[in-house]
Amino acid sequence: MKFKLGVVVPVYNEADGIERFFELLNKELGKIKSIDFELLFVNDGSNDGTGSILNGISLRNPDSLRVLNLTRNF
């Protein structure tokens, strides 16, 4: 039986490390064969390019990553 897991990751101005964080999280969750997972990164109005980086990552990983870009910091 496969379980489904959703992980919500709030981010704000994380351009320097967001790609590496995604790679590590995706890799570790991928090791768990008994789950299907989806990551939702919520960009809380970053102004350092985090949103653009996340959009690029999501294009390369459409099955495991969704991005919600908020228009300002809430």
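In the condition set (1) assigned to a helix (DSSP H, G or I); (2) within 13 Å of the chain's Cα centre (by Cα); (3) farther than 14 Å from VAL67 by Cα, ILE53 is compliant with all but (3).
Is region 45-65 home to any residue that is touching a Gly at 6+ places or on another chain (Cβ under 6 Å) and at pLDDT 95 or above? Within region 45-65, not a single residue is touching a Gly at 6+ places or on another chain (Cβ under 6 Å) and at pLDDT 95 or above.
Here is a yes/no grid of residues against (1) exposed (fewer than 11 other Cβ atoms within 10 Å of the Cβ); (2) touching a residue at least 40 places away in the same chain (Cβ under 8 Å):
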residue: VAL7; (1), (2): no, no
residue: TYR12; (1), (2): no, yes
residue: GLU19; (1), (2): no, no
residue: PHE37; (1), (2): no, no
residue: GLY45; (1), (2): no, no
residue: LEU59; (1), (2): yes, no
residue: ARG66; (1), (2): no, no
residue: LEU70; (1), (2): no, no
residue: ASN73; (1), (2): no, yes
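Going through (1) in contact (Cβ under 8 Å) with a residue 60 or more places away in the chain; (2) exposed (fewer than 14 other Cβ atoms within 10 Å of the Cβ) one by one, LYS33 falls short only on (1).
Yes or no: LEU39 under 11 Å from the mean Cα position of the chain (by Cα), part of a strand (DSSP E or B), under 17 Å from SER58 (Cβ atoms) and aliphatic (A, V, I, L, M)?
yes
Residues in region 58-73 that are in a helix (DSSP H, G or I) and closer than 16 Å to VAL8 by Cβ: SER58 alone.
The values are calculated or read from the model by the stated rules, or taken from the named source; none is laboratory data. Bear in mind the structure is a predicted one, so any value in this text is a computation, not a measurement. With ideal geometry, Cβ positions are generated from the backbone for all residues, glycine too; neighbour counts draw on all protein chains shown.
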